[in-house]
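Take a look at the structure below.
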């Protein structure tokens, strides 16, 4: 009778690797947990940053600069009050952008006098 050495056969190793691969594929499909409200806040911060960038460009170049709004997620409703333009003195035409999803709203506002961009949650 031949003695068998301790260890795993190639078939056993392949089965274990296959099972681990299936588990990893199932876990990767779930992805990281996401919150639509946090994504809405991130989109509002992106719009405020675009406003501040346009203001900086207007001051630096000495020419009026119109805000180019960044793309927001497709599920998010975006309503702008009109084009927002920043002047070389830092002031703006004023205006706001409202982001809404399922009844919750965030409003990003450009102050007409100071040119500051702020966002607030609608109550």
For this session: For the chain, just say rounded, prolate or oblate: build the C-alpha gyration tensor, square-root its eigenvalues into a ≥ b ≥ c, call rounded for a/c under 1.5, and beyond that prolate if a/b exceeds b/c, oblate if not.
Result: prolate
Seminar exercise, completed: In a Gaussian network model of the chain with springs linking alpha carbons closer than 10 Å, the residue among 27, 113, 52 that fluctuates most is 27
Seminar exercise, completed: Largest fluctuation, 55, 104, 45 only, Gaussian network model of the chain with Cα springs under 10 angstrom, belongs to 104
Seminar exercise, completed: Taking Cα atoms only, helix 10-30 is inclined relative to the longest principal axis of the chain by an angle, in degrees rounded to 10, of 20
Exercise. So how do 5, 120 line up by other beta-carbon neighbours within 10 Å, fewest first?
Worked result: 5, 120
Exercise. Could you give the angle, 0 to 90 degrees to the nearest 10, between helix 36-61's Cα long axis and the longest principal axis of the Cα atoms of the chain?
Worked result: 50
Exercise. By count of other Cβ within 10 Å, fewest leading, how are 89, 74, 111, 101 ordered?
Worked result: 74, 89, 111, 101
Exercise. By how many nm would the segment from residue 57 to residue 81 grow when fully extended, if each residue of separation counts as 0.36 nm and the alpha-carbon distance is taken off?
Worked result: 6.5 nm
For this session: Quick one: among 85, 40, 60, which has the greatest mean-square fluctuation in a GNM of the chain with alpha-carbon springs under 10 angstrom?
Result: 60
For this session: Could you calculate the contour length gain from residue 16 to residue 116, that is, 0.36 nm times the residue separation minus the distance between their Cα atoms, to one decimal place in nm?
Result: 30.1 nm
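We did not get these values from a lab; they are worked out from the coordinates using the rules stated. Please read these numbers as outputs of a predicted model, since none were measured by experiment. Note that each Cβ is placed from the backbone with ideal geometry, even for glycine, and that neighbours are counted across all protein chains shown.
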